[in-house]
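> Here it is, the structure, as structure tokens.
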Amino acid sequence: MVKTASSMIPLGTAAPEFSLTDTVSGEVKSLQELRSDVATVVMFICNHCPFVKHIRAQLATLGKEYQAKGVAIIAINSNDAQTYPDDSPENMKIEAATQGYTFPYLYDETQDVARAYSAECTPDFFVFDADLACVYRGQLDDSRPGNGIEVTGRDLRSAIDSIIAGRPVDPEQKPSIGCNIKWKNG
């Protein structure tokens with residue numbers, strides 16, 4: 001389990017547009033269709049990574065909670081499914097149902113979206129304001145597999161709560177740590 005940190009793109013970066021297939025509905029969804037006038041969370045996750053497995057119950061809870069408050073929650077898997085078949089679109093659909101994900105779980109087969117977002121690891125979190133400017137990029141919280149810290153989503157929740165309350169998001173942010181995105185060869 002190699003630990004990779006997120007790249008921490010500059011705050012204020014515009015959310016790159018995308019159109020990807022939602023593995024749950026089978027429909028192609030764009031950022032413009034899915035975005036919210038409150039806040040938009042884009043997270044790069046996958047099925048097989050131990051760091052994502054460690055937090056997936058919290059992701060499901062967080063998704064339901066914040067979707068009810070008008071926040072768009074979008075999950076994207078950019079891993080090479082040829083090399084990592086657990087991350088195939090078919091298995092993504094099963095994972096979404098098993099974990100109770102109520103948000104779209106999109107497949108980035110070309111990996112172009114991960115590159116556009118400078119996503120480096122799973123999980124990797126990005127929060128955008130109503131204008132789709134990045135106000136948070138970093139970790140869910142301080143919990144990691146085996147470190148004994150409870151998974152609460154504290155850091156991500158704080159950023160989203162600040163946006164909802166109309167307060168600035170604290171610019172002191174910690175990078176996410178996880179497995180590297182499984183890039184295709186060549």
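The values are calculated or read from the model by the stated rules, or taken from the named source; none is laboratory data. If you're wondering where the values come from, they're calculated on a predicted model, not measured in any experiment. Because the Cβ atoms are built from the backbone with ideal geometry, glycine has one as well, and the counts that use them run over all protein chains shown.
> Do we have any residue at all in the range 1-20 that's surrounded by 15 or more Cβ atoms within 10 Å (Cβ to Cβ), charged (D, E, K, R) and modelled with pLDDT of 95 or more?
No, the conditions are met nowhere in the range 1-20.
> Tell me, please, whether a residue that is over 16 Å from the mean Cα position of the chain (by Cα), closer than 22 Å to residue 16 by Cβ and of a type in the set (Lys, Arg) can be found in the range 169-184.
Scanning the range 169-184, I find at least one residue that is over 16 Å from the mean Cα position of the chain (by Cα), closer than 22 Å to residue 16 by Cβ and of a type in the set (Lys, Arg), so the answer is yes.
> Next up: State whether the residues of the range 90-99 include one that is modelled with pLDDT of 95 or more, more than 20 Å from residue 151 (Cα to Cα), small (Gly, Ala, Ser) and loosely packed, with under 15 Cβ neighbours inside 10 Å.
Within the range 90-99, one or more residues are modelled with pLDDT of 95 or more, more than 20 Å from residue 151 (Cα to Cα), small (Gly, Ala, Ser) and loosely packed, with under 15 Cβ neighbours inside 10 Å.
> Right, here's the next one. Let me confirm something: among 105, 84, 117, which residue is over 22 Å from residue 136 (Cβ atoms), in contact (Cβ under 8 Å) with a residue 60 or more places away in the chain and of a type in the set (Phe, Trp, Tyr)?
Of the residues listed, the single one that is over 22 Å from residue 136 (Cβ atoms), in contact (Cβ under 8 Å) with a residue 60 or more places away in the chain and of a type in the set (Phe, Trp, Tyr) is 84.
> Do we find that residue 62 is in contact (Cβ under 8 Å) with a residue 60 or more places away in the chain, surrounded by 21 or more Cβ atoms within 10 Å (Cβ to Cβ), of a type in the set (A, V, I, L, M) and touching an Asp or Glu at 6+ places or on another chain (Cβ under 7 Å) in this structure?
No.
> Give me a count of the residues in the range 77-88 that are surrounded by fewer than 23 Cβ atoms within 10 Å (Cβ to Cβ) and in contact with an Asp or Glu (Cβ under 7 Å, 6 or more places away or on another chain).
Matching residues across the range 77-88 total 1.
> Also, quick follow-up: Taking the range 143-170 only, how many residues are part of a loop (DSSP other than H, G, I, E, B) and farther than 14 Å from residue 129 by Cα?
Residues flagged as part of a loop (DSSP other than H, G, I, E, B) and farther than 14 Å from residue 129 by Cα within the range 143-170 amount to 11.
> Considering the range 22-50 alone, what residues qualify as being more than 23 Å from residue 83 (Cβ to Cβ) and acidic (Asp, Glu)?
27, 33, 37
> Then there is this: Do we find a residue being closer than 25 Å to residue 163 by Cβ, free of Cβ contacts under 8 Å to residues at least 12 places away in the same chain and among the small types (Gly, Ala, Ser) anywhere in the range 66-81?
Yes, that holds for at least one residue.
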